[in-house]
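Here the structure is laid out as structure tokens; the discussion comes afterwards.
The values are calculated or read from the model by the stated rules, or taken from the named source; none is laboratory data. For clarity, every value in this text was computed on a predicted model and none was experimentally measured. Cβ: placed from backbone, ideal geometry, glycine included. Neighbour counts: every protein chain shown.
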Amino acid sequence: MKLFKSLMKFSLAVLPLAAATLASAGQLSTDARSAVPHEVQQLVVIDYRAMQNSRIAMQLRDHLMPPELRQFDDALRKSGMNDNHDVEELAFALFRTKPNNSEDLQTVGIAQGQFSMDEILANIRKQHQKATLLRGNKIYPMTRSGMVLCFVDPSTMVFGQKEAVVKALDARDGISANIMRNSSMMDAMRSVDSEPLWSILDNKGTQIVMKSVLGEAGSLTDYDVVRKRLDASWYSMSFQHGVKFDLTIVTGDTIAAATISSLLSAAMLVRKMSGSEAEKQAMNATTVSSSAGKLQVRFAANDSEFGNLLQSSLFKNVVR
């Protein structure tokens, strides 16, 4: 199930700040969307309140949290944020600083909720940290490692490394383009943003993920032919009744979708033949199909089955 490793390494890493009660979906406000740069490669949005209600979601988080995102967690806590009450939704945007350059990437976090701004800012002042101004935006240091935050409104906070936050504020203030002018990504968002955990990827992000998912099959001529026809993708996860994962990949045409479907099915068959019992069970619980130029992957398991999968070699050494 290399698919899960590739997609969830980033997504579930940001769950440790989840709040304690159920919410309906991880949707972003207009202010939050405007702070996502136009050249976003992947956007992940998580409804904390829904996630915290699931024991298996928390176990998945513990297995997959990469070290680089622990910095975000640490910085938010040290800023004085009450993560059990303040944060309702969190988004992470992985974006290119230059068009079509997937090697020069930055990450910015966007949190939504009912923030205790006075407490947070008082805590920052106690550490003798001062704000810097960018136009009308006050940017506050969170830690001495370069992490900063900025409240763009009372319920929306942008945070991360300063360079990334500045680029997000440029997008929000109209200095540069934001995601709302990216029709492909906005179309993908509308397809999935009613879910508690969702992500959208542009063509570059989709190509990178599929190359990783397919493994050796990604080196085949068939894949190289259709690679550039991968336009966008989106996926969602829910944990209310076991674990459900749905992925949709938009391709240029029906033939491209069918070709990718065949390659992915072949990669799964190889894993089914060589994997552990838990991994074989996961393969059996995964379906791959294509229709009207779209590839769809679906996975479903109960908590016990998914718990066994977490203990398999598939989820070991994911974070390096």
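A compact table of results
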read-out	value
Residue under evaluation ALA278, criteria (1) in contact (Cβ under 8 Å) with a residue 24 or more places away in the chain; (2) assigned to a strand (DSSP E or B), criterion not met	(2)
Residue tally, condition assigned to a strand (DSSP E or B) and either farther than 22 Å from SER54 by Cα or at pLDDT below 90 (or both), over the stretch 281-299	11
GLU119 being in a helix (DSSP H, G or I), at pLDDT below 85, of a type in the set (Asp, Glu) and surrounded by fewer than 18 Cβ atoms within 10 Å (Cβ to Cβ)	yes
